[in-house]
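The values are calculated or read from the model by the stated rules, or taken from the named source; none is laboratory data. The shown structure was predicted, so the numbers you read here are calculated from the model rather than taken from an experiment. Methodologically, a virtual Cβ is constructed for each residue, glycine included, from the backbone with ideal geometry; neighbour enumeration extends over all protein chains shown. Accessible surface areas use protein heavy atoms only, side chains included; no ligands, DNA or RNA. Shrake-Rupley method; radii C 1.70, N 1.55, O 1.52, S 1.80 Å.
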Amino acid sequence: MSGTGALGGLRIADFTRVLSGPYATMLLGDLGAEVIKIERPGVGDETRSWGPPWYEGQATYYLGANRNKSVEGVDLGTEPGRARARALIEQSDVVVQNFRPGTMERFGLGYAQLAAERPELVYCSISGFGAAGGADLPGYDLIVQAAGGLMSITGPDDATPIKTGVALVDVICGLHAVTGILAALRHRDETGAGQHIEVNLFSSLLSALANQASAYVATGHVPKPLGNRHPSIAPYETMKTADRPLAIAAANDKLFAALARSIDRADLISDERFATNPQRVLNRQQLVKELEQTLSRAPADHWFDLLRGAGVPCSPINDLNQAFELATSLDLDAVVSITCPDTGTPYPQVACPIQLSHTPATYRRVPPPLPG
């Protein structure tokens, strides 16, 4: 099962489910690690039942985060199950788990309990709100988006908070988990010592709020929702065309001038209301009105081709079909297919986005079936 990629020879005991943990361990598996997913027999990962849609009788949610893994049915509620879990951990380099804080300790599988005998073990705990004051809070992405402020700045106005269209915080936290695991493995390679990595969805979101969080921390400014607009740049938003919206990111004066010339509105460059970015932000409403007056004369694809040629960042608002078609047109291999050796059934998968020139990602195993 172990690949020959950058992480070939590394074994991971994966006690995670839903998205943040499985996404992290899938990426590690793509890069060559052997990942053993531990699930409760007959029950398994919750996402196995999160359908429709289904593919070959399996929920596509589960399929999207669990390739390159084997599976073993282990009931941690029994002593034989816990003994089997300890045996799997003894043969592994890394443990990843996202039970509620304290759960693995009750099973005798917490970091301190295991590291006493295996100080070289790298152990990653993923939680919703950390293991201290928020230990009792369940880590559902929607709740973290609400609690962490993301919904307060996403949407058209204060009265209409909106979550993102995917469990983005889970994905961000999973990426932070991967980063922490790789850093800990680097340290272990140098010193022989493992360590405990703790990441949580809430802190991951606060970090990922980037400029918005920085503005608050530095000045106390509490940002408000601006729809598709940027608080500090104009034009940097979606605009109406003859058919569908077009996103335009003219993030500096040079790009704004290129935009204006490309759509035959050079008069906007000399308009003192729009001469600099701060003035454009101040007069955003008038600027958008002027731009949409011109953009509404042709479809979005026309403006995309024109502005792309001028180096102006822009894109029509694509659905997923159009997005994957664009990836193909850009020679990006965004989809791979893994064939099940038992049935010969191909399983389409979104490709790993990490490209390594010497040790590329490999696709060795379809997402495993539910253990009996």
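Taken over segment 180-212, the residue count meeting the criterion of being of a type outside the set (S, T, Y), closer than 13 Å to Q145 by Cα and over 12 Å from the mean Cα position of the chain (by Cα) is 4.
Looking at T25, T4, T78, T60 in this structure, which one is of a type in the set (S, T, Y) and at pLDDT below 95? So that I can check it myself, show each step before the final result.
On the way: T25 fails: at pLDDT below 95; T78 fails: at pLDDT below 95; T60 fails: at pLDDT below 95.
From the options T25, T4, T78, T60, the qualifying one is T4.
Taking segment 290-334 as the range and being in contact with a helix residue (DSSP H, G or I) (Cβ under 7 Å, 6 or more places away or on another chain) and either of a type in the set (V, I, T) or not in a loop (DSSP other than H, G, I, E, B) (or both) as the test, the residues that pass are E290, L295, W303, L306, L307, V312, C314, S315, P316.
The residues of segment 91-111 that are part of a loop (DSSP other than H, G, I, E, B), touching a residue at least 60 places away in the same chain (Cβ under 8 Å) and open to solvent by 20 Å² or more (accessible area, probe 1.4 Å), listed by number, are Q91, D93, N98, F99.
Suppose the filter is part of a loop (DSSP other than H, G, I, E, B), open to solvent by 40 Å² or more (accessible area, probe 1.4 Å) and closer than 23 Å to H302 by Cα; does A242 pass it? It would help to see each step written out before you state the result.
On the way: part of a loop (DSSP other than H, G, I, E, B): yes; open to solvent by 40 Å² or more (accessible area, probe 1.4 Å): yes; closer than 23 Å to H302 by Cα: yes.
For A242, the condition - part of a loop (DSSP other than H, G, I, E, B), open to solvent by 40 Å² or more (accessible area, probe 1.4 Å) and closer than 23 Å to H302 by Cα - is met.
Do the conditions hold for A177, that is, is it closer than 22 Å to K224 by Cα, at pLDDT 95 or above and either under 15 Å from the mean Cα position of the chain (by Cα) or open to solvent by 30 Å² or more (accessible area, probe 1.4 Å) (or both)? No. Does segment 114-136 contain any residue that is more than 26 Å from T362 (Cβ to Cβ), free of Cβ contacts under 8 Å to residues at least 40 places away in the same chain, open to solvent by less than 20 Å² (accessible area, probe 1.4 Å) and part of a helix (DSSP H, G or I)? No.
Is segment 231-239 home to any residue that is surrounded by 14 or more Cβ atoms within 10 Å (Cβ to Cβ), modelled with pLDDT of 95 or more, polar (S, T, N, Q) and more than 27 Å from T160 (Cα to Cα)? Within segment 231-239 (the criterion being surrounded by 14 or more Cβ atoms within 10 Å (Cβ to Cβ), modelled with pLDDT of 95 or more, polar (S, T, N, Q) and more than 27 Å from T160 (Cα to Cα)), the answer is no, since none of the residues qualifies.
Identify, please: which residue in segment 62-81 is among the charged types (D, E, K, R) and more than 23 Å from C173 (Cβ to Cβ) and is, among those, surrounded by the fewest Cβ atoms within 10 Å (Cβ to Cβ)? If you could, list the steps in order and put the result at the bottom.
Restricting attention to segment 62-81, the residues satisfying the condition of being among the charged types (D, E, K, R) are 67, 69, 72, 75, 79.
Subsequent filtering for residues that are more than 23 Å from C173 (Cβ to Cβ) retains 72, 75, 79.
On the way: E72: 16, D75: 17, E79: 10.
Selected residue: E79.
Apart from one condition, D271 fits all of (1) open to solvent by 70 Å² or more (accessible area, probe 1.4 Å); (2) of a type in the set (D, E); (3) out of contact with any Pro (no Cβ under 6 Å at 6 or more places or on another chain); the exception is (1).
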